[in-house]
Amino acid sequence: MSLLEIILKPQDLKRLTPEQLPLLATEVRQRIIEIVSKNGGHLASSLGAVDLIIALHYCLDMEKDKVIFDVGHQAYAHKILTGRNKDFALLRQYGGISGFPCKEESVHDPFTTGHSSTAVSLALGLSCAQDYLPNEERFKVVAVIGDGSLSGGLCFEGLNNAGHLKRDLLIVLNTNELSIAANAGALSTYINKIISLPIYNRFKSSLENFVTSRLPKGSRLIKIANKFEEQLKGLFVPGILFEELGFRYFGPFNGHDLSSLIKVLKNILSINGPKLFHVITQKGRGYPPAEKEPVRFHGTGPFDIATGRVSSLSTGSKTFTEIFSSALLEEAEKDRRIVAITAAMPDGTGLDKFRDKYPERFFDVGIAEAHAVCFAAGLAKGSLRPVVAIYSTFLQRAYDQVAQDLALQDLPVVLAIDRAGIVGEDGATHQGIFDIAYLRSVPNICIMAPKNGQELKLMLKFAIDFNRPVALRYPKASVYAEDLPILPIELGKGELLSTGNDFCVLALGSMVPVALEAIGLLQKEGISGTLVNARFVKPLDENFIKSVCAGKKYIFTIEEGILEGGFGSAVADLLNRPVVKIGLPCAFIPHGKRDILLDKYGLSAQAICSKIKARLWAR
């Protein structure tokens with residue numbers, strides 16, 4: 001029997017000897033590789049964190065202690081060790097477990113997390129809440145963050161407040177893109193082992209108590225005592241920043257040396273106050289293809305374990321992201337004012353090609369979406385034409401900057417909103433379904449959505465030439481309906497695609513080809529309708545919409561976003577009459593394949609056809 005088979009709950013891990021843990025780590029890695037190769041997922045960082053997670057579970061009491069993972073890319077081992085090994089086979093599948101920490105799945109996931117830099121603030125809140133609990137109900141709180149988390153301002157806000165409050169809190173910093181330099185070698189490890197020992201810390205506390213109680217305030221000896229440890233560590237340890245923020249810093253340690261991790265963690269957990277434990281891990285640890293190409297295996301589709309090659313699921317069509325990527329290069333070649341900005345997602349947004357061709361005009365600001373938009377506003381004020389390529393779900397993190405620094409200033413910045421609508425397997429934290437509703441409320445901003453790749457190209461050029469803020473949203477999907485005729489883009493102008501007598505449909509962006517297919521199904525049953533490609537959410541083509549809807553008893557709108565405050569609401573407000581709005585509920589949509597979710601929520605051609613027929617026949 002494998003070791004993993006006997007771990008049905010977190011406490012079972014403590015039945016193993018320290019000597020058995022490396023074998024368990026190997027089994028956990030094999031399990032992760034096996035499932036991710038079939039289902040896709042975040043592989044490289046999860047493999048890198050296996051030893052660290054085992055050490056944390058071994059040292060903590062997971063029946064009551066809380067571990068909060070920032071983002072959750074590295075939490076697969078945590079899921080496996082907390083009673084979800086059997087369910088792990090359905091990772092990221094509809095009805096299966098999430099690829100991120102999920103509070104509905106397990107009591108061992110205190111929060112559902114998918115956006116970076118939040119763990120420290122969440123952990124600090126949990127730690128402070130214990131002041132109101134009986135002593136027997138208190139627990140230890142650990143936040144596991146990555147080096148990417150530190151590029152987000154919220155993380156530093158949490159660190160600053162935690163250091164000030166002096167809470168009993170452990171922050172584990174897992175850096176996996178740094179090499180272990182000379183100051184992280186044997187001497188540094190030895191000193192950190194010393195300063196983490198209980199006897200050392202008792203001596204330190206006793207010395208501090210002695211000099212503060214026996215010597216006058218401001219005594220030179222007090223200052224010498226306070227500086228002793230800082231000077232000693234400063235010679236060898238790159239942790240002065242965290243020390244100045246009020247944390248006891250320990251590290252960096254080899255994140256794959258389980259024996260050392262457990263010894264030091266046990267010592268550190270016995271120390272009160274804010275502590276930062278710094279480990280260095282290798283992305284893709286234990287799987288050579290992922291070790292060699294950690295970026296490619298950060299988030300991967302299904303792949304062949306033997307070769308590492310991603311399974312081909314290509315339909316032969318390009319994605320909207322690929323069309324955007326090539327179109328931006330074409331525009332940049334003609335206009336040197338164009339610059340591109342990403343928040344740590346150059347490959348996902350298609351800006352990697354722009355980066356390679358125009359490195360001097362490319363900016364990766366890290367996981368700092370608010371800064372990305374604010375920075376773009378500054379570039380635009382300097383007469384450039386910034387294009388910020390960003391996932392819909394992450395643009396939420398920059399709402400204030402969109403309103404205050406972009407729209408209020410009325411600056412020509414293009415927000416290329418990728419993954420707008422249903423994203424799929426990444427689930428609730430990543431579905432891009434709120435952007436229409438939250439952007440509609442912002443003045444001075446133009447909102448567009450293309451029906452296909454050709455229209456995306458035209459809209460991108462229009463957006464770059466337009467001297468005001470523009471949001472251009474498109475889905476995580478392959479383009480199709482490329483044979484449809486394309487009219488030039490004019491501000492706010494829609495497009496008539498078909499005419500009929502029984503009803504009128506106004507569709508937006510990705511839903512235009514689906515609506516066209518639905519109307520085709522209805523025509524086979526002798527039902528004819530008018531179809532409008534709205535193109536714009538803001539401004540609406542008021543006169544055109546009123547004219548095509550005149551005389552129609554039934555008006556339908558279709559959008560891949562929430563209905564509350566969405567495109568359909570804008571049309572209903574304009575017409576001031578009943579409109580049947582077809583879209584997504586104001587809810588957090590779970591993970592699952594995109595086509596499954598679209599059908600479940602009534603956005604497939606057949607589902608739309610059924611809804612239209614039900615309304616027509618209800619008369």
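A few points about this structure:
- Long pairs among 493/613; 9/275; 9/103, criterion Cα-Cα beyond 22 Å: 493/613; 9/275
- Taking all Cα pairs closer than 8 Å and separated by 6 or more residues, the relative contact order of the stretch 554-614 comes to 31 percent.
- Residue order, fewest to most beta carbons within 10 Å, for 249, 76: 249, 76
- Cβ-Cβ distance of residue 311 and residue 165, R₀ of 56 Å, FRET efficiency by 1/(1 + (r/R0)^6): the value works out to about 0.70.
- Distance violations [Cα-Cα > 30 Å] among 14/86; 292/353; 461/600; 292/476: 461/600
- Cα long-axis angle, helix 220-234 against the chain (0 to 90 degrees, to the nearest 10): 60
- Segment residue 326..residue 616, full-extension length gain: 100.1 nm, with 0.36 nm per residue of separation and the alpha-carbon distance subtracted.
- Amide N proximity, the stretch 60-74 versus residue 266 label position 7 Å along Cα-to-Cβ, cut-off under 17 Å: 60-62
- In the stretch 495-617, the DSSP beta bridges split such that about 20 percent are antiparallel, to the nearest 5.
- Subtracting the Cα-Cα distance of residue 86 and residue 606 from 0.36 nm times their residue separation leaves 183.7 nm of extension gain.
- Modelled FRET efficiency - R0 60 Å, residue 61 with residue 360, Cβ distances, 0.05 increments: 0.70
- When each of the peptides 605-613, 429-437 is scored by the mean number of other C-beta atoms lying within 10 Å of its residues, the order from highest to lowest reads 429-437, 605-613.
- Beta bridges per DSSP with both ends in the chain, % antiparallel, nearest 5: 15
- Spin-label model, residue 484 to residue 546: label points 7 Å out along the Cα-to-beta-carbon direction sit 2.6 nm apart.
- When shorter helices are ignored and each DSSP H run of at least 4 residues is given -39500 (n - 2.57), the per-residue value for the chain at 222 nm works out to -11500 deg cm²/dmol.
- Percentage relative contact order, the stretch 320-473, counting C-alpha pairs under 8 Å, at least six apart: 23
- Relative contact order (%) - criterion: Cα under 8 Å, at least six apart; region: the chain: 11
- Highest to lowest packing among 459-465, 83-89, 302-308, scored as the average C-beta count within 10 Å: 459-465, 83-89, 302-308
- Of all aspartates and glutamates in the structure, those lying under 14 Å Cα to Cα from residue 166, and not within fewer than 8 positions of it along the same chain, are 131, 243, 244.
- Spherically averaged projected area of the stretch 320-473 from its Cα convex hull (nm²): 7.9
- For Cα extents along the principal axes in Å, computed directly from the structure shown, the correct entry in [x] 91, 60, 49; [y] 195, 59, 34; [z] 110, 57, 40 is [x].
- Using the Cβ-Cβ distance between residue 493 and residue 528 with R0 set to 22 Å, the FRET efficiency from 1/(1 + (r/R0)^6) comes to roughly 0.35.
Values in this text are rule-based calculations from the coordinates and carry no lab data. What you see is a predicted model, and the numbers here were worked out from it, not measured in a lab. Here Cβ is always computed from backbone atoms with ideal geometry, including for glycine, and neighbour counts include all displayed protein chains.
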